[in-house]
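Let me begin by presenting the structure, written as structure tokens, before commenting on it.
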Amino acid sequence: MALYSRFLAEVDLKQTFYSHTFTNGLTLVGEAMPALESAAFTLLIPAGCAFDPAKRGGLSTLTCEMSLRGSGERDSRKFVEDLENLGLQRSESVSVAHTAFSGATLAANLPAALGIYVDLLRRPHFPAEQLDSGRMVAIQELRSIEDDPAHKVMLELRRRHYPDPWGRPSEGEMEGLETISINEVQDFHRRYYRPNGAILGVAGKIDWPRIRDLVGDLLGDWPGSIPPEPMTVAAGAKIEHLAHESNQTQIGIAFESVPFRHPDYFQATGAVGVLSGGMSSRLFTEVREKRGLCYSVYASYHTLKDRASVLCYAGTSADRAQETLDVTLGELRRLALGIEPHELDRLKARVKTALIMQQESSSSRSGSIAREWHHLGRVRTVEEIGRKVDELSCDSINRYIAAHPPGDFTVVTLGPQPLQIAA
Amino acid sequence: MQFQHTTLANGLAVIAECDDDAYSTALGFFVQTGARDETDAVAGVSHFLEHMVFKGTPTRSADDVNREFDEMGADYNAFTSEESTVYHAAVLPEFQTRTVELLADILRPSLRQEDFDTEKKVIIEEIRMYDDQPPFGADDQCRAAFFKGHPLGRSVLGTATTVGALPVEEMRRYFQERYCPSNITLVGAGRIDFSRLVDAAERACGGWTPSQSTRTLPGSSGQEGFQLLHKESATQEYLIEMAAAPSATDPDRYAAKLLSTIVGDDSGSRLYWELVDPGRAEHAVLHYYGYHGAGAFFTFLSCDPDQAEENVKSVLQVYRRVESDGVSEAELDQAKSKVQSRLVLGSERPRGRLFVVGSHWTYRREYRSVRDDLDALCAVTTEDIRRVLKRHPLSRTMSYLVGPLKSMQTPA
């Protein structure tokens, strides 16, 4: 026991967090990591694809794409060039809840990079003549899913498992992407790119007072808006086969879990870790190691603010797909019989290592603290999380599993033939 | 940051970049063997063997191996390329010795028939998985055609047929020949206690019987050609191209890396502005790889089949233009900022440094700090880039196009 306290005493892992919420609702949250040379940011804007209007699936993604095509005094080329000259490694993505912009570079360049992103938020050009280019980028991404069946089955699984709009793929729909107008893009930006509910996480070698003042100057008077929440509609069919001409059959299985902020979060994710974390986990051992059924098999925990699930995947040759599905479902059901102490020990070791190693990456931390703020409204130290993990016991995990046994599965398969789902 | 190295009596090298401020320890055994060291009779054996290494030793079952790594909370894996097979783990510093002992033990695997038969199914599933993801397969064909007859033309995975037909005795023979101590380097990065590392290596690997293994290093200038492969089930059309490039030991490798960044980085490059920004292609990138005794520039493009013909022409025009006009100072500066920043960010984690330090050593028997590499990048001039293009024109390619298209005019 007390793995963490002992270890933390040895490494003297001092964490310094800061947070500041501006009057318009924007929260800036920071972690100083003075040993690093880099600094990173993660900006979560509450403009996810859950807010795509009916028949406009993909509007959030196209708005994100168009926002990169010029803002403030920069056209799209200057935007990219200036960020690259700052050495910024950047990425942007759209999830159900957020449009996220993130980047990492040498610490001294972070303020300048943030300044450029402020233009994107507040002074985007949305050039009408580039709409078709942006549209084509989004359409290419949507089409490419068809050539990646493993990706496709998991998108279709989420779509069916969660009530709409919470399982939508951010890539959108062809129908929506083909018809979106520049006015709709501008309107989406105006409504949903807003400070209230937005979170900016910064981590690395940062000078907190300077970053806080800079963000205050640049975004403190950014006006908010209160758009309507999306309507939640019941999910569709829970068992579905999608015909696909391929060697392998892709299998996706989902069942319900508890969200990040739930008091049983550590028990829930602990159970997933026993199923699929490391090569000694149950799914890897039973499906791949003992039977050689798959190259890839896993279960992963997926959380939104108010709902969560465990998403499982296996891909195998069509003639062995039935056995793979049976063995995988068997392992999920067997979880209800409880976990063993040696499984718990390995789980704790893995979580502990991952926590410590996060401290080696500013990008990883800027993302974590922004997401923690989104889910909890605060940031926990490694020590606090470590204590929670130390407190985990087989009993507490088994109690959780007994109360939430894996079942009521959503199953989506993709391949040449449908499979039977044993009761 | 301190570099240390030694060589055991049996020829196994131990090297480490020690950083006392790091939170974690990264360790890896770099075996200098891969697809290029195979013959037709054992095609795919290097990668299959990499899987078998985790299947147990005289004193450990496969379950023991997986369990012991997980007990340490290790972040561990292995990969096989054309030229090397690497077994690596990142752990908390307290597990340094235990990790070396475990990795060293699995590098003397039992290679039992029963495990071999089960794992063969996993490898075949891996091949079938990629087979359902176009343009898989075309890259191997392009490589074979480009390196025609050269060892670097061999496929890492092999095919379901070659792997299916492989007998365990052939794998054991290959192992004996290639996994000798002089062909293996133990690499450490991050928080490393070097004297304990050497002690552990001596105890765990000192008894390995020394022998010699060789690798042939014929030159290769690369073949030219164009092939259209029809794949009805694909949605997008894919272009894979290879052109000759500086080798991993050529001082021009830094200029080649910057050239590929200027011309074909996934953002802000010439291919990006020509094809990706306007939405003409989903991806259009140019990468540089240096090998022992040869090198290659790889082009990868994916797009709507209807636009493929025009896009292939545009790629060629981009390449011809840079060959005739060179690159500007501004472009070079932008590429340097990008590559240098990636290098620094990637080096913050010990497991990032592990591969860089290991690669410098296995290719060139040298240590280069992050600063050394930053300086080398900084020193590249537009004239260096011009020289690389002259010696290795990007437009002289072996090209494979795969997807729904049934016919296309060869770009001239």
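What follows draws every value from the coordinates through simple rules; no lab data is involved. What you see is a predicted model, and the numbers here were worked out from it, not measured in a lab. Every residue, glycine among them, receives a Cβ derived from its backbone with ideal geometry; neighbour counts consider all protein chains shown.
Among DSSP beta bridges whose residues both lie in the stretch A:13-219, state the antiparallel percentage, nearest 5.
Working: 29 of 35 bridges.
Taking every DSSP beta bridge with both residues in the stretch A:13-219, the antiparallel ones total about 85 percent.
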Practice item. Could you grab the relative contact order for the stretch A:188-294? Cα pairs under 8 Å, six or more apart, rounded to a whole percent. Key: 16
Study note, to complete from the structure: Note: B:67-80 gets an average of partner chain Cβ contacts (10 Å, Cβ to Cβ) equal to 5
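Please list the helices of chain A that count as membrane-span-like by this rule: a mean Kyte-Doolittle hydropathy of at least 1.0 together with Cα atoms stretching 27 Å or more along the helix axis, each helix being a complete DSSP H run.
Details: long enough: none.
Helices meeting the span and hydropathy rule in chain A: none at all.
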Study note, to complete from the structure: antiparallel share of DSSP beta bridges within the stretch A:239-415, to nearest 5, in %, is 80
Check your understanding: For the Cα atoms of chain B, what angle does the longest principal axis make with the long axis of helix B:350-364, in degrees from 0 to 90, nearest 10?
Key -> 80
Check your understanding: Taking springs between alpha-carbon atoms closer than 10 angstrom, which of A:THR303, A:THR61, A:THR42 fluctuates most in the Gaussian network model of chain A?
Key -> A:THR303
**Study point:** Span from the the stretch B:338-391 Cα centroid across to the the stretch B:156-222 one, whole angstrom
**Key:** 25
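If packing is taken as the average count of other Cβ atoms within 10 Å, what order do B:300-308, B:239-247, B:403-411, B:387-395 fall into, highest mean first?
Working: B:300-308: 21.1, B:239-247: 24.2, B:403-411: 14.3, B:387-395: 18.7.
Descending mean neighbour count gives B:239-247, B:300-308, B:387-395, B:403-411.
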**Study point:** Sites A:SER393 and B:ASP21 - FRET efficiency at Förster radius 30 Å, r taken between beta-carbons, to 0.05
**Key:** 0.30
Exercise for review: Would you calculate the volume per residue, in Å³, of the smallest convex hull containing every Cα atom of the stretch A:239-415?
Suggested key: 130
Exercise for review: Quick one: compute the contact order of the stretch B:1-108, relative version, from alpha carbon pairs under 8 angstrom and 6+ residues apart, as a percent.
Suggested key: 30
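If you count the DSSP beta bridges with both ends in the stretch B:225-403, what percent of them are antiparallel, to the nearest 5? Provide the component values of the computation, followed by the final result.
Working: 22 of 28 bridges.
So the antiparallel bridges in the stretch B:225-403 amount to around 80 percent.
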Check your understanding: So how tilted is helix B:62-71 from the main axis of chain B? Cα-based, degrees 0 to 90, rounded to 10.
Key -> 90
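Quick one: compute the contact order of chain A, relative version, from alpha carbon pairs under 8 angstrom and 6+ residues apart, as a percent. Show your work: numbers first, answer last.
Working: 799 pairs, mean separation 99.2, N = 423.
This gives 23 percent for chain A.
Count the net charge of all other residues whose Cβ sits under 14 Å from the Cβ of B:SER213, scoring Lys and Arg as +1 and Asp and Glu as -1. Working shown, then result.
Working: positive: B:ARG36, B:ARG173, B:ARG178, B:ARG215; negative: B:ASP37, B:GLU38, B:GLU83, B:GLU177.
Neighbour charge sum, excluding B:SER213 itself: 0.
Taking each pair of distinct Cα atoms in the stretch B:2-205 once, what is the resulting Kirkwood hydrodynamic radius in Å? Display every interim value, and only then the final one.
Details: mean 1/r = 0.0561 Å⁻¹.
Kirkwood hydrodynamic radius for the stretch B:2-205: 17.8 Å.
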Practice item. Could you work out how far the C-alpha centroid of the stretch A:163-226 sits from that of the stretch A:369-423, in angstrom? Key: 28
Check your understanding: Does the protein assembly as shown come out rounded, prolate or oblate by the C-alpha gyration tensor, with a ≥ b ≥ c the root eigenvalues, rounded set by a/c under 1.5 and, if not, prolate when a/b is larger than b/c and oblate if not?
Key -> rounded
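Using a 10 Å cut-off on Cβ to Cβ distances, tally the other chain neighbours for every residue of A:70-80 and report the average as a whole number. Mind dumping the intermediate values first?
Numbers: counts 0, 0, 0, 0, 0, 0, 2, 3, 0, 1, 7.
Rounded to a whole number, the mean comes out at 1.
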Review point. Helix B:253-264 versus the longest principal axis of chain B: what angle, 0 to 90°, nearest 10, using Cα atoms?
Key: 50
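In Å, the Kirkwood hydrodynamic radius of chain B over pairs of distinct alpha carbons?
Numbers: mean 1/r = 0.0440 Å⁻¹.
Kirkwood radius, chain B: 22.7 Å.
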